[in-house]
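Let me begin by presenting the structure, written as structure tokens, before commenting on it.
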Amino acid sequence: MVKGGIYMRVFVREARTEMGLSIRQLSNLTGIPKSTLYDLEDERFMPRLDDLIAIMQALHCTFEDLVSVE
């Protein structure tokens, strides 16, 4: 939860499994360490913008496909 009541959820696991990719494969495609991807999928923290862009490119999806803001 971010101050002000805005909640952002990134659907990395959902998009990755829909593409049939493992964490290792996504890591190889994006250059993002596997441990970071695990943390993102477990919602331990939000991705940096450059990481989010790399994930969107690797998964062939848009920001709207990957992120939900409530």
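Observations on the model:
- Within the chain, helix-based [θ] at 222 nm, where runs of 4 or more DSSP H residues each add -39,500 (n - 2.57), nearest 500: -14000 deg cm²/dmol
- The range 37-60 and the range 8-31: distance between their alpha carbon centers, rounded to Å: 8 Å
- In this Cβ point-charge picture (+1 for Lys and Arg, -1 for Asp and Glu), the chain has a dipole of about 220 debye about its Cα centre.
- Here the relative contact order of the range 7-70, from alpha carbon pairs under 8 Å that lie six or more residues apart, stands at 51 percent.
- Gyration tensor (alpha-carbon) shape descriptor, the chain, a/c threshold 1.5: prolate
- Projecting the Cα atoms of PRO33, ALA54, PHE11 onto the charge dipole of the range 3-70, computed from C-beta unit charges around the Cα centre, puts PRO33 farthest toward the positive end.
Since every read-out is calculated from the coordinates, none of them should be taken as a lab result. As the structure is a computational prediction, the values presented were derived from the model and not from experiment. We place every Cβ from the backbone using ideal geometry, glycine too, and count neighbours over all the protein chains shown.
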